[in-house]
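Notes follow once the structure below has been shown.
Nothing in this text is a laboratory measurement; each read-out follows from the coordinates by a stated rule. Owing to the predicted nature of the structure, the values given are computational and were not obtained by experimental measurement. No Cβ is skipped: glycine too gets one built from the backbone with ideal geometry, and neighbour counts run over all protein chains shown.
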Amino acid sequence: MADETALNDFPSLFSLKGKVAVVTGGSRGLGLNAASAFLQAGCSKVFITSRKAKACDSAVAQLNRLPNLEPGARAISVPADSSTLAGVESLVSQVSRHTEYVDILFANAGATWGEAFDTHPESAFQKVMDLNVKGVFLCIQKFAPLLQKRATVDDPSRVIITSSVAGLGVGATGPQATFGYSASKAAVIALGRNLAVELGPRHILVNSICPGWFPTKMATGLLEMTGGLEKHAARNPNKRLGRPEDIAGVVVYLSSRAGSHVNGATIQIDGGALWKTVTLEDEPVESKL
Ligand SMILES: NC(=O)c1ccc[n+]([C@@H]2O[C@H](COP(=O)([O-])OP(=O)(O)OC[C@H]3O[C@@H](n4cnc5c(N)ncnc54)[C@H](OP(=O)(O)O)[C@@H]3O)[C@@H](O)[C@H]2O)c1
């Protein structure tokens with residue numbers, strides 16, 4: 001009988017040594033948290049993209065100052081608007097100038113809009129759907145040839161989509177309601193499952209993460225409008241908001257050999273807050289992002 005204690009090279013199970021990653025929405029927030037994790041886990045190149053070139057450049061400078069990178073490893077700024085086909089094509093072409101392959105695509109860029117039901121604007125709904133759903137699809141479609149280049153059954157490439165607990169339950173309601181956002185985040189979960197089946201045979205695994213509240217630029221305003229950071233932390237079963245390491249741990253797991261049989265999954269990173277809304281004894285959480 002095989003030795004069931006014998007794990008193949010356990011020390012390298014979570015390593016991303018030599019991997020090439022692209023992070024959309026990488027200039028700040030959860031994308032920048034993930035980019036830092038990818039580099040510190042051993043990636044050789046991490047491409048940072050968002051609309052503003054200055055923001056990408058400054059994120060890259062910050063990442064390249066990290067003290068514990070692999071020799072020669074670096075972050076590279078590739079600004080683009082990932083909500084349009086022209087923007088995604090420009091992104092792929094900029095990345096292709098530096099590499100012939102991509103191992104990890106973190107399709108993370110997203111936007112939200114809060115407004116009451118009666119006045120919720122068509123333009124905001126469209127903008128959110130363009131970036132959060134169409135842009136995610138286009139990024140995966142246009143990066144697929146680069147993702148396929150080095151992918152094998154034993155070492156598949158990875159796509160991680162940032163959805164939200166708003167896509168699993170109910171997002172913000174009332175005056176700052178997030179109808180387009182919540183619909184977009186449910187849509188990308190479905191997209192991720194469909195693409196997991198479509199792209200699995202090409203050795204590209206597709207998974208979604210569903211963060212709860214993380215106090216980033218996007219979330220802080222809404223957190224403050226709905227009771228404040230401390231109140232939201234106190235309501236959480238885990239008694240805190242999300243931290244950068246919570247994103248780091250999950251994206252490294254999903255991108256590493258440890259996650260190489262996880263495909264089509266949806267991972268909540270919310271301290272259990274989603275389930276608190278369905279208990280009877282506690283006051284309901286008014287909104288989730
Ligand atoms: N923070 C939370 O509590 C939370 C919870 C659940 C899910 N999420 C999701 O997590 C993801 C990251 O959010 P975050 O909280 O880190 O927000 P954030 O701090 O506002 O960061 C958003 C990032 O997306 C970029 N971006 C915006 N529009 C873009 C476009 N059209 N093309 C390319 N990049 C664009 C922004 O840079 P530019 O302005 O330079 O383009 C920025 O880098 C989003 O998908 C969000 O929905 C966040």
Over the stretch 11-276, what relative contact order in percent results from Cα pairs under 8 Å that are six or more residues apart?
20 percent
Per DSSP H run of at least 4 residues, take -39500 (n - 2.57); add these up for the chain, divide by its residues and hand me the 222 nm value, nearest 500 deg cm²/dmol.
-11500 deg cm²/dmol
Projected-area mean, the chain, by convex hull of Cα positions, square nanometres
16.8 nm²
Gained length - Ser123 relative to Lys231, 0.36 nm times residue gap less alpha-carbon distance:
35.7 nm
Pairwise FRET efficiency - Ser15 versus Gln148, Cβ, R0 = 25 Å, nearest 0.05:
0.70
What percent does the relative contact order of the stretch 96-177 come to when contacts are Cα pairs within less than 8 Å and at least six residues apart?
50 percent
Per DSSP, the loop-located trypsin sites (Lys or Arg not before Pro) within the stretch 1-91 having at most 13 other beta carbons within 10 Å are Lys17, Lys52, Arg65
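Within the chain, which complete DSSP H helices have Cα atoms spanning at least 24 Å along the helix axis and a mean Kyte-Doolittle hydropathy of -0.5 or higher?
Once both thresholds are applied, what remains is 179-199.
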Filter the cross-link list Lys17/Lys52; Lys142/Lys217; Lys185/Lys231; Lys17/Lys149; Lys19/Lys149 down to pairs whose alpha-carbon distance in this structure exceeds 20 Å.
Lys17/Lys52; Lys142/Lys217; Lys185/Lys231
Ordering of 154-162, 216-224, 32-40 by packing [mean C-beta count within 10 Å, highest first]
32-40, 154-162, 216-224
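Among bridges DSSP assigns within the chain, what percent are antiparallel (round to 5)?
Expressed as a percentage, antiparallel bridges in the chain total about 0.
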